């Protein structure tokens, strides 16, 4: 999350050919209005405090009410992406996470996006939610409502 605008950031990993090493940076999602005028200053969710514009990490919806502490991990279907820190959840997704109904979370994601589930996208999302479960660091924490 960005400390300046309190919106999600995109983690980009790239190869620096001059130094022959992997490097990374954080950038704003330019599809979100009002983000290009801020410098991206990454902070973990816990450090930034609750944000009225936070989106659910499971379905992409608004109304985030829960935070799940999680270790950083590599995205299981994108070798260049890493998932950083806590995951946010709305009430609907929280109910499924608590009982590990990952297949229902995948269905919920497709329903929220208005997309048809292809086999590959379904497998990718199922792998992502399984990886989240493996890297989860404890119980969900209710976010303070302001």
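For segment 120-135, state whether one or more residues are modelled with pLDDT of 85 or more, outside any helix (DSSP H, G or I) and touching a strand residue (DSSP E or B) at 6+ places or on another chain (Cβ under 8 Å).
No: zero hits.
In segment 35-78, how many are modelled with pLDDT under 75 and surrounded by fewer than 20 Cβ atoms within 10 Å (Cβ to Cβ)?
Of the residues in segment 35-78, 18 are modelled with pLDDT under 75 and surrounded by fewer than 20 Cβ atoms within 10 Å (Cβ to Cβ).
Does segment 85-116 hold any residues that are surrounded by 15 or more Cβ atoms within 10 Å (Cβ to Cβ) and assigned to a loop (DSSP other than H, G, I, E, B), and which are they?
Matches in segment 85-116: 85, 86, 101.
Of all residues being touching a strand residue (DSSP E or B) at 6+ places or on another chain (Cβ under 6 Å) and not in a strand (DSSP E or B) in segment 59-70, which is nearest to residue 104 (Cα to Cα)? Just the residue, please. Before the answer, list the steps.
To start, the set of residues in segment 59-70 that are touching a strand residue (DSSP E or B) at 6+ places or on another chain (Cβ under 6 Å) comprises 61, 63-64, 66-68, 70.
From the residues that got through so far, the ones that are not in a strand (DSSP E or B) too are 61, 63.
Numbers: 61: 15, 63: 19 Å.
Selected residue: 61.
The values are calculated or read from the model by the stated rules, or taken from the named source; none is laboratory data. Note that this is a predicted model, so its numbers are computed, not measured. Every residue, glycine as well, gets a Cβ built from its backbone with ideal geometry; the counts of neighbours run over all protein chains shown.
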